[in-house]
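What follows is one structure encoded as structure tokens, with my remarks underneath.
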Amino acid sequence: MVARSHAARYLREMALAMELLGEAPGVPQTLSAAARQVLALSAERWRQWVAGNAVERLGLSDESLRDLGNFARHARRTPLDTLQLRIPPGLYELLGLPGLGPQRVRRLWHEAQIVSVKQLHRACRRRHLAGISGFGPGLEARFLDALEGLRRSQGRWLRNEALRIARRREAKWRPAAGLDRLAWAGEARRAWETVGLLTWVAAAANPEAALGRLSLQPGARLAGTPPDRVVWTPPGEPRQEVIVVEAERFAARWFLETGDPAHTTAFLQRLAEINPAATPLELGLPTSEEDLYAQAELPWIPPALREGRGEIAAAAAGRLPTLIRARDLRGVFHVHTEWSDGRASIAEVASAGARLGWDYIGIADHSQSAYYARGLTPERLAAQAAEVRRVAAGIPGVRLFHGVECDILPDGSLDYTDAQLRSLDYVIASIHSVTAMSREAMTARVVRALRHPAVRMFAHPSGRLLLQRPACALDWPAVFGTAAEMGVAIEFNTTPDRLDLDWRLIRTATEQGVRLVVNPDAHRLAALEMVGEGLETATKGWLTPEQVINTRSAEAMEDWLHATRSGSPETDV
């Protein structure tokens, strides 16, 4: 028996394939509606349906019902495979671009024979889309922006995926190559959200022999003059390099291979000013990075800050921030459960929070407009509130807050009535649909939502999906100014493919008086344990514990959440 989520995905993929092929008008909508009904079934009812003991037809024809049953019981997807064989594979990649839905993709295919991202890029550059119905210069410009972002992302990996590969490699290399020390450097150590090159610095008693053993890997080659590294790109992995030096040169080389060139240049300039006769860095023999920074009369600078963004001057003036760490968090608020598209019960989430030592945890499932995620109707939202209270009574070690991740509708209004929102402990506002809006329209939409007195947090604010979907166009100073004025916390989302708010904007936000909230956007219990890894990227924005609201106690959080409950009526933009 396949899971409900897999069956719903099968129905959605069938609907998409039919829509791309332009066949059976009305059937794609029926299949999509059936997918929502499947997700709305309880786990027990789904088991009964698969066993043939439930009567729900899900609005499907006899043929579709039979196909779904075969998939649910035996994972047979022959009808879907048959459809997808008729569809050029590149069409699915085109669907990942903003502003391209199935109907537009089908028109590109049939009216212009564009069936790949490469062909679309060429057509946009040559201004060939104007003759296709539903397209124009504005769309061409938007596609070009998205395609340029896609081009820049090629060859890059999400940081969590890159680190997983790095750890697996390290476990093999240490004993096999005779390495005494091995540590990653470069973008991975600086906690970039994506990684294009995995760099390690290693120390060995015999660097030449270690390099020789490492170079035996398929596709590997020696590089450098004289050779001091092995480089290669294993299939299905990021580009990689291992630099091997003597133990006494490890600290200096680790420093050199970690920081952005702007950081290294600023450091060397300061070192030359402090001691013009100092030994060149490449020949120096510091025992540690702390020793190296001390030579320049500086404290050790965390790798995440080594970007050449004023950290050398701040260190020299004693103004380096005390960066937030996972242990500073007292709880989180953006957690989904099986009531919408999460995989765990409320009780399981609460128990996991207690095991992690958190003082509180907030349940925030999707609102009703997120039908694809089994978003909560007002009736189910009220029922969930009662369940949260019941679970909370049985787990005294952690305070449970009941909230919702409420969709911001295209006009900036929210997904429930004011009375329904006031019944909750907190409201997280977010955008999940209609993202291809102008900068002015999207900003007005967000600002209106942030001015609603029930809203306490703004989730995954840019809407980006790393390496998949670009950020929404927003006037960030206007958004930050409104958030600061209304006391709304902006989320740093630790999900590996979001890591949103972008770290480059965090300093701007905090300088405007915005408070952040660190949330996992968890759909599985494992995501609760990964908050610390995602939080490392947030520290690149010089984020401190004082700037994050969920470093506060449960009592202080309750006061903060309810502080503006009686705020002024909603103000339109």
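Observations on the structure shown:
- Residues that are in a helix (DSSP H, G or I) and out of contact with any helix residue (DSSP H, G or I) (no Cβ under 7 Å at 6 or more places or on another chain), drawn from the stretch 44-63: GLU44, ARG45, ARG47, GLN48, TRP49, ASP62, GLU63
- Of all residues making up the stretch 343-390, the number that are touching a helix residue (DSSP H, G or I) at 6+ places or on another chain (Cβ under 9 Å), β-branched (Val, Ile, Thr) and under 25 Å from ARG4 (Cα atoms): 4
- Considered as a group, the residues in the stretch 64-95 that are among the aliphatic types (A, V, I, L, M) and assigned to a helix (DSSP H, G or I) include one that is farthest from LEU11 (Cα to Cα), and that residue is LEU94.
- Scanning the stretch 171-205 for residues that are within 10 Å of VAL244 (Cα to Cα) and in contact with a Ser or Thr (Cβ under 7 Å, 6 or more places away or on another chain) yields nothing.
- Any hit, the stretch 430-445, residues being of a type in the set (A, V, I, L, M, F, W, C), in a strand (DSSP E or B) and touching a strand residue (DSSP E or B) at 6+ places or on another chain (Cβ under 9 Å): no
- Count of residues meeting criterion [buried (at least 19 other Cβ atoms within 10 Å of the Cβ) and either aromatic (Phe, Trp, Tyr) or outside any strand (DSSP E or B) (or both)] in the stretch 174-194: 12
- When each of LEU516, LEU525 is tested for being over 30 Å from TYR92 (Cα atoms) and either in contact with a Phe, Trp or Tyr (Cβ under 6 Å, 6 or more places away or on another chain) or among the basic types (Lys, Arg) (or both), the lone residue that passes is LEU516.
- The helices (runs of 4 or more DSSP H) found wholly in the stretch 340-425 and carrying at least 1 residues that are not aromatic (Phe, Trp, Tyr) and not assigned by TED's automatic domain parsing to the domain that holds ALA556 occupy 346-355, 378-394.
- Candidates are the residues of the stretch 302-325 that are hydrophobic (A, V, I, L, M, F, W, C) and within 26 Å of the chain's Cα centre (by Cα); the one that is nearest to VAL201 (Cα to Cα) is ALA304.
- Condition broken by GLY308, with the remaining ones in (1) in contact (Cβ under 8 Å) with a residue 40 or more places away in the chain; (2) on the phi < 0 side of the Ramachandran plot satisfied: (2)
- Any pair with Cβ under 7 angstrom, 6 or more apart, that starts in the stretch 48-75 at a residue that is aliphatic (A, V, I, L, M) and ends at one that is in a loop (DSSP other than H, G, I, E, B): VAL50/MET1; LEU65/ARG57; LEU68/LEU60; ALA72/MET1; ALA72/VAL2; ALA75/VAL2
The values are calculated or read from the model by the stated rules, or taken from the named source; none is laboratory data. As the structure is a computational prediction, the values presented were derived from the model and not from experiment. Don't worry about glycine lacking a Cβ; one is built from the backbone with ideal geometry, like all the others, and counts go over all protein chains shown.
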